[in-house]
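Report on the structure given below.
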Amino acid sequence: MMITSRITIYLIAACLFGTASFASAKEKAAPKEKAGAGTSEYTKGVQLLDSQQYDQAVMEFTRAILANDKQPAFYEGRGFANFALQRFPEAGDDFSKAIELSPKDMRAFVGRAQVLLQQKNYQQALADTEKALEIKPDEIAAIKLRGFAELGLSQWDKAIADFTNVIQKKPDDLQTYDRRALAYRGLKNFDAAIADYTFLLEKNPNDTEALTKRGYTYSLMGQYEKAIPDYEAALKLNPQDNDTFSRLQWTQGQLAAKNATPRTATTTAPTATPEKPSLITQINPLYIVIGIVVLILIVVIVRLMTRGKAEETSHIIR
């Protein structure tokens, strides 16, 4: 999940550059011959960064650093330009250098926290935002980034508190409503998440992401009949969104299953064809007894009839 968009990254950088300050030569022990060196290059770099000409901005900040490598602001400027170009390792190195030169420089901690968030190093990003807020407790950018880090760490309650704080200070920060809704969903506080997505849609009815996310939240609640219109509206705005199309199909299937009337069985189970009994199973035991009795009677009768009859003698001389 991309925690911050490039647009948001740039806005954070821009608002921080409004508070830029240069370290004094005495504080940084810069050689006298370098006092003020690089300032014009830095100023040009900020202008290029403001106009989103990031490659040229990197070149100007690099010239400023070559002219004076003791100014943390020069590294910060190049760090934000590199970050906008998604050169995260280079940006991280620039912010770390700025922190080395000025351990109390809040901007550098905020910048490095953004890099760490992109690298999904949420624990270290949280540490950097905490450090930034120690230096400047009311810095909105640092509070918001801390909320992002807490999201990454599934610290839903803390993220909600930070995002709510940002919204109170900056009610027009729509992205924060979106992130807070995600945190509410993490807590299974679906009603609160729906409220945030609905607020976003009131501001922009054509926000396809808000439509899809609200639809998904409704589906998590089992309210499929409300999820389907959101998915359909999102697909009307972006017919090529295959993920939303798949979710719509799944939700329609779930609703159909939910509304299906249980069918009563009207057919009886098929009766098994009886097997033809074997010869043994067809013999009645009574018949066996009767047969035995008859045989006994026959033997007795024969015996009675032959009793007392002289035996025939053989004429063969023995």
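State all residues of the stretch 226-261 that are aliphatic (A, V, I, L, M), closer than 22 Å to residue 177 by Cα and either surrounded by fewer than 17 Cβ atoms within 10 Å (Cβ to Cβ) or under 20 Å from the mean Cα position of the chain (by Cα) (or both); if no residue qualifies, say none.
Listed by number, the residues that qualify are 227, 234, 237.
In this structure, does residue 223 turn out to be modelled with pLDDT of 95 or more and either under 22 Å from residue 154 (Cβ atoms) or surrounded by fewer than 16 Cβ atoms within 10 Å (Cβ to Cβ) (or both)? Before the answer, list the steps.
Working: modelled with pLDDT of 95 or more: yes; either under 22 Å from residue 154 (Cβ atoms) or surrounded by fewer than 16 Cβ atoms within 10 Å (Cβ to Cβ) (or both): no.
It is false that residue 223 is modelled with pLDDT of 95 or more and either under 22 Å from residue 154 (Cβ atoms) or surrounded by fewer than 16 Cβ atoms within 10 Å (Cβ to Cβ) (or both).
Going by what's in this entry, would residue 127 be described as in contact with a Lys or Arg (Cβ under 8 Å, 6 or more places away or on another chain) and aliphatic (A, V, I, L, M)? Please lay out each step first, then the result.
Working: in contact with a Lys or Arg (Cβ under 8 Å, 6 or more places away or on another chain): no; aliphatic (A, V, I, L, M): yes.
Spelling it out, it is not the case that residue 127 is in contact with a Lys or Arg (Cβ under 8 Å, 6 or more places away or on another chain) and aliphatic (A, V, I, L, M).
Go through the stretch 101-121 and count every residue that is surrounded by fewer than 19 Cβ atoms within 10 Å (Cβ to Cβ) and under 13 Å from residue 134 (Cβ atoms).
2
If you check 154, 96, which single one turns out to be hydroxyl-bearing (Ser, Thr, Tyr), over 22 Å from residue 43 (Cα atoms) and open to solvent by 40 Å² or more (accessible area, probe 1.4 Å)?
Details: 96 fails: over 22 Å from residue 43 (Cα atoms).
The unique qualifying residue is 154.
Filtering the stretch 174-190 down to residues that are of a type in the set (D, E, K, R) and touching a helix residue (DSSP H, G or I) at 6+ places or on another chain (Cβ under 6 Å), which residue is surrounded by the fewest Cβ atoms within 10 Å (Cβ to Cβ)? First the steps, then the outcome.
Step one: list which residues in the stretch 174-190 are of a type in the set (D, E, K, R), which gives 178-180, 185, 188.
Applying the additional criterion that residues be touching a helix residue (DSSP H, G or I) at 6+ places or on another chain (Cβ under 6 Å) yields 179-180, 185.
Numbers: 179: 23, 180: 25, 185: 20.
Result: 185.
Kindly indicate whether residue 193 is closer than 17 Å to residue 167 by Cα and either surrounded by 19 or more Cβ atoms within 10 Å (Cβ to Cβ) or at pLDDT below 95 (or both).
Numbers: closer than 17 Å to residue 167 by Cα: yes; either surrounded by 19 or more Cβ atoms within 10 Å (Cβ to Cβ) or at pLDDT below 95 (or both): yes.
Here the answer is yes, as residue 193 does meet what is asked.
Just to be sure I understand the filter: pairs with C-beta atoms under 8 Å, separated by 6 or more residues or on different chains, first member in the stretch 192-214 and within 18 Å of residue 239 (Cα to Cα), second member in a loop (DSSP other than H, G, I, E, B) and not aromatic (Phe, Trp, Tyr). Which pairs pass?
Once the first residue is within 18 Å of residue 239 (Cα to Cα) and sits in the stretch 192-214, its partners that are in a loop (DSSP other than H, G, I, E, B) and not aromatic (Phe, Trp, Tyr) give 208/238; 208/241; 210/204; 212/241.
Here is a check on your reading of the model: is residue 236 modelled with pLDDT under 95 and assigned to a helix (DSSP H, G or I)? Let's see the steps before the verdict.
On the way: modelled with pLDDT under 95: no; assigned to a helix (DSSP H, G or I): yes.
Criteria not met by residue 236.
Every residue in the stretch 136-162 that is hydrophobic (A, V, I, L, M, F, W, C), within 22 Å of residue 104 (Cα to Cα) and touching a Leu at 6+ places or on another chain (Cβ under 9 Å), please.
If we filter the stretch 136-162 for residues that are hydrophobic (A, V, I, L, M, F, W, C), which is where we start, we get 140-143, 145, 148-149, 151, 153, 156, 159-161.
Checking the rest, the ones that are also within 22 Å of residue 104 (Cα to Cα) come to 140-143, 145, 149.
Of everything in the stretch 136-162, those that are hydrophobic (A, V, I, L, M, F, W, C), within 22 Å of residue 104 (Cα to Cα) and touching a Leu at 6+ places or on another chain (Cβ under 9 Å) turn out to be 141, 142, 143, 145, 149.
If I filter the stretch 163-173 down to residues being over 21 Å from the mean Cα position of the chain (by Cα) and open to solvent by less than 40 Å² (accessible area, probe 1.4 Å), which single residue comes out as farthest from residue 229 (Cα to Cα)?
Only one residue tops the list, namely 166.
The values are calculated or read from the model by the stated rules, or taken from the named source; none is laboratory data. Bear in mind the structure is a predicted one, so any value in this text is a computation, not a measurement. Positions of Cβ are backbone-derived with ideal geometry, glycine not excepted, and every protein chain shown enters the neighbour counts. Accessible surface areas use protein heavy atoms only, side chains included; no ligands, DNA or RNA. Shrake-Rupley method; radii C 1.70, N 1.55, O 1.52, S 1.80 Å.
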